Each structure stands twice: as C-alpha cells, then as structure tokens.
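Each value in this text was obtained by applying a stated rule to the coordinates, not by laboratory testing. Remember, predicted model here, so these are calculated numbers, not experimental data. Positions of Cβ are backbone-derived with ideal geometry, glycine not excepted, and every protein chain shown enters the neighbour counts.
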Amino acid sequence: MISGTDRIDLHMHTTVSDGTDTPEELLAFVREAKLGLFSVTDHDAVKGCRSILAIRKPDDPLFLCGVEFSCKDEEGQYHILGYGYDPDAEPINAAVEHGHALRMNKLKKRLAFLEERFGFTFTPEETNTLYATDNPGKPHIANMMVQHGYTESRGEAIEKYLSQAKFPSEYVRPEEAIEGIRLSGGIPVLAHPCYGNGDQLILGDALTKRVEKLMGFGLLGLEAFYSGFPKKLIDEVLSLADRFGLYVTAGSDYHGRNKPLITIGDTGLSKVSDAPDALKRFLDAVSDRI
C-alpha cells in the first residue's frame, strides 16, 4: 500500500493527448522520480492507460487508470478526472469516443479560422498528421505555426492567434463524463477545482455551488493537491471535501515540455505534514484496482 505524501502523482499527460512524453517515456521518467503510485489522465482518451498496462513490469511503480474529460454546460467549463475504471468498459469508451469526435471537429474549425483570418496554411502531410493524432489540441497546432515561422513561440501562437477563434464549441457534458466513469467502475473527481478550466479563479460560494451541482451528477472527489495551488487554495478545497465527505486526490498536471515548469510529483503534498484522511480513503477505495 502507498504511504507517505511525496510519492504520488495522479494527474499526468502523454502524447496520446497534449503531453510530449510517450507512455513508454513517461513510465521511464516515473521510475526515475521514484513514485510509488501514478496515473495517466490523458484528455478524452484511455489509450495511454492501455499502453502503460501493457508495458508496465511487476517491480514498476503502482499504476491507476485515469482520464480527464474537458466538459462544458450552460454554466461553465469543468475538467473531470476519472480513476480506477475498467478501460475496456463500454460506458467510458463511449464517452471517450464522443469527446474525440468533438475535439476533431474543433480542430477542423481552428485550421479553417487560421487560414481565413490570417492566411496561415499547412501542407497536406502536416494536416494529415494532425488528424491522425489521438487528441490534437491548441499545442499541436501552435507547434506547427512555430515551425512555419508564423509566430515565435507556442505561447504566442495560442494567445495571439488561436485564442481569437470564437465559435460555438461542443464539449462532453459533465454529467455524461461522470456517468461514463461511474458506470465503468471508476471514481469521478473534479480537477483543479479553484481554477475551473485552467484560467479561472473560483472560490467561496461559487466553488461550493459548482461542487454541489456536480455531486448531483455523481461526483465523488476533489483534486485538492495540485501543482498550481498555494496552501490557501489547498486548505479551501480540503475544507470543502471534508464538508461533503468527498475523496481527495493529488496531481501535478505534468505535460512534459508543453508545461516545462511542472515536474513529475509536483503535487503540493509536500505542503502538508501528513496525507489527509480524504486522500487515504481514496487510496483505500482504489487499492483493488492498482
């Protein structure tokens, strides 16, 4: 069983979504980091988890299947993590396939926008490579823009150009993601609760309302420990989890070179003297799935 507070990382991405490490490379880095337990949480995908399960050796760090759904409804955006599900179960794969289809439609719209608005074009080989990618997103397009000299950096490509693409976007709804995770034997968790979709700051009553709504769909946990959370935010999420009896998880949101300041194991757990009971309960709940 896992012990200690600095050997867990339950939020990492591979090349199956928007990370830069292949599943094989990530496993090697996890070994070097001497983690006791890790999870791959690629966006709208379970392929990376299948890859880890296929190559992981008996003496490797313990592994828990994960996923991260990018969700949206009339009231906002949510990132829903799922843990300990059966990667071959139909409900989780149906949700993943839906998310992938929506992501590919979004890719088509973004490429059309760049050409119509700025005259940015790519070769047929490059666009074919994008469409063959498991879950292409803004970073993949931005990297191609840099290669063509349309912009100097990936960050500039996203902020100055790709973020201007304003069109009705379709997302997996949070209730669909939560249902798919639970019907596949998994535990749904709200990722980085205070940061919403990544660039929001949600606190107090607004955060409580959001959590209560998702609990109505079957949410079971909160990611209280996160690489970008100062102690104040950690404490707020821990308090909310305690109030509602929710599980707690810890993750770095590691993306390799796409988020170079975030390292494996950078979860914020080192900011507390001991793992909270809500995290221990989560680890107990998934112990038979590791």
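Observations on the model:
- Estimated inter-spin distance, residue 152 and residue 34, nm [label 7 Å along Cα→Cβ]: 4.1 nm
- Radius, Kirkwood style, for the chain when every pair of distinct Cα atoms is counted (Å): 19.3 Å
- Using R0 = 22 Å, the C-beta based FRET efficiency linking residue 200 and residue 143 works out to 0.30.
- Rel. contact order, % - alpha carbon contacts under 8 angstrom, at least six apart, the range 103-164: 31 percent
- Per-residue ³J(HN,Hα) for the range 15-21, Karplus 6.51 cos²θ - 1.76 cosθ + 1.60, θ = phi - 60°, Hz, x for Gly and Pro: 5, 5, 10, 10, x, 10, 9
- Taking each DSSP H run with n ≥ 4 as -39500 (n - 2.57) and averaging over every residue of the chain yields -12500 deg cm²/dmol at 222 nm.
- One decimal place: the segment residue 274-residue 239 gains 11.1 nm when fully extended, by the rule 0.36 nm per residue minus the C-alpha distance.
- Net lengthening on full extension, residue 25/residue 217 (0.36 nm per residue, minus Cα-Cα): 65.6 nm
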